[in-house]
Amino acid sequence: MAFLSVIPDLDIIPYSIFISVSNSLTHESRIQLFYLFGHREFTHSILFVSLVTLLIWTKSKDWILTFAGLQSILSHIYLDYITTWKMRPFYPFSTDTSIMGAVYFYDPLLNLLPLLPLLIVIIGSLKKRGIINGKFNNFCNFVRNSDDKFYSFLILVLLVWLVFMPVSKAFLINHISGAEKAQISYQNTYPESMNSFLTAYSFNSTHYKVLRVSYLSGIEMSGYVEKISINGNVPDASAYIDRTKKLYSSGVPQEIDYPVYAVSEDNGSVIVTLSDARNPYAESWAYFKSIYRFTFDKRSGDYHVYASVQGESEKKLDENWFNKKV
């Protein structure tokens, strides 16, 4: 059961192999293999869960083992789904991403409660060896006398919390949508702490409005981010922005939800920088903080793309990241 609960994250092994050979692949092959081997991709899908469950049943013919295995894998995927990283749960039937993003990644209850049974096992082992003899006696006696009820209570608390948080986020988003008289996206509202979320919406044709909202205070912060900024005289700026949109949409992982374009010209090249409107407001968060720099040669039409996570050095992306036909 412990192995099954972590098996979705074993995708890091084929993903490492994929990264090492990805520059030799065609664009189409790279996209499809990313869906299969990328972190939190196929191994976090409903189809993968179904196949593993079917394999357990085929090998064991034990419905209790099969159901327990299903619960182990689903619990892992659900915990990922309600935190802060996009997934494709219905791949290969759909490549659309989705997420709840209702629970902060470092939520203490979510992270510490499942570790309590392990702590109990360690304490029991240390007591048997006499290392902590005489210590934690009351606690150990309590666990020994009511272990079934105690562990059931832990499971119940965790389940209630994992149901309560997505529902409470829905009420918060509904409240903020009413206050702003705008449709706030549930999926694109990311937790920054146990209490606060960072979100945005299209305020008008030229600006996004970025909001930091919380259960306690409602709207804590708001600011406006220009969708398109042009530095200097770039006559064909709109054409280069359109090409950047098409190129980016042909690649993966598609982490940017609220695209912001900055256009400039330098030594015969047009540079289009693509980022997310929430980037300036995001602190300890990496997912949508990617920045892409598209450099187009005005004469030849060739381009190069560089990417970085905000605050880090950028790297040049391989040509097969995006569709050359765009």
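Would you kindly state how much longer the chain becomes between Lys246 and Lys181 on full extension, computed as 0.36 nm times their sequence separation minus their alpha carbon distance, in nm to one decimal?
20.3 nm
Mind checking the full-extension length gain between Asn111 and Asp96? Use 0.36 nm per residue of separation minus the Cα-Cα distance, one decimal, nm.
The span from Asn111 to Asp96 would gain 2.6 nm if fully extended.
Rounded to the nearest 10 Å², what accessible area does Trp57 show when all protein chains are kept and the probe is 1.4 Å?
Estimated to the nearest 10 Å², Trp57 gives 100 Å².
Helix 46-60 sits at what angle to the longest principal axis of the chain, using alpha carbons and giving 0 to 90 degrees rounded to 10?
Rounded to the nearest ten degrees, it is 30.
For the pair Ile230 and Gln32, what calculated FRET efficiency results from E = 1/(1 + (r/R0)^6), where r is the Cβ-Cβ distance and R0 = 41 Å, to the nearest 0.05?
0.65
Excluding Val6 itself, what net charge comes from residues whose Cβ is under 14 Å from its Cβ, given Lys and Arg +1 and Asp and Glu -1?
-2
Per residue, how large is the accessible surface of the chain? Use a 1.4 angstrom probe and give square angstrom.
The answer is 55 Å² per residue.
With r defined as the distance between the Cβ atoms of Ala239 and Ile64 and R0 fixed at 35 Å, what FRET efficiency is calculated, to the nearest 0.05? Don't skip to the answer; put the middle values down first.
Working: r = 62 Å, r/R0 = 1.78.
Here the calculated transfer efficiency is 0.05.
Sorted from largest down, give the three principal axis spans of the alpha carbons of the range 112-163, whole angstrom values.
Sorted largest first, the three principal extents are 41, 20, 12 Å.
Full-extension gain between Ser205 and Ser217, please, as 0.36 nm times their residue separation minus the C-alpha to C-alpha distance.
Details: separation 12, 0.36 × 12 = 4.32 nm, distance 2.86 nm.
The span from Ser205 to Ser217 would gain 1.5 nm if fully extended.
If you roll a 1.4 angstrom probe over the protein chains with everything in place, what fraction of the accessible area of the range 121-234 belongs to carbon and sulfur, to the nearest %? List each step's numbers first, then the result.
Working: 4110 of 6910 Å².
Percent of accessible area from carbon and sulfur atoms in the range 121-234: 59.
With N set to the number of residues, divide the alpha-carbon radius of gyration of the chain by 2.2 N^0.38 Å and report two decimals. Spell out each step's value before the answer.
Values: Rg = 24.2 Å, N = 326, 2.2 N^0.38 = 19.8 Å.
The reported ratio for this selection is 1.22.
Taking the chain as the reference, fit the longest principal axis to its C-alpha atoms, fit the long axis of helix 147-180 to the helix C-alpha atoms, and give the angle between the two in degrees, 0 to 90, nearest 10.
Here the helix axis deviates by roughly 30 degrees.
Calculate log10 I(q)/I(0) of the range 17-66 for q = 0.20 Å⁻¹, where I(q) comes from the Debye formula with a single equal point scatterer on each Cα and nothing for solvent.
Log-scaled intensity ratios, in q order: -0.71.
Once every DSSP H run of n ≥ 4 in the chain is given -39500 (n - 2.57) and the sum is divided by its residues, what mean residue ellipticity at 222 nm do you get, rounded to the nearest 500 deg cm²/dmol?
Working: 10 runs with 134 residues, N = 326.
The per-residue figure over the chain is -13000 deg cm²/dmol.
What distance in nm separates the two pseudo spin-label positions at Ser24 and Val160, each 7 Å out from Cα along the beta-carbon direction?
Those two pseudo-labels are separated by 5.6 nm.
For Tyr151, tell me the accessible area in Å² from a 1.4 Å probe, rounded to the nearest 10.
About 70 Å², rounded to the nearest 10.
The values are calculated or read from the model by the stated rules, or taken from the named source; none is laboratory data. The model shown is predicted, which means the values in this text are computed figures rather than measured ones. For neighbour counting, all protein chains shown are included, and Cβ atoms are generated from backbone atoms with ideal geometry for every residue, glycine included. For the accessible areas, the whole protein counts, side chains as well, though only heavy atoms, and no ligand, DNA or RNA atoms are used. Shrake-Rupley method; radii C 1.70, N 1.55, O 1.52, S 1.80 Å.
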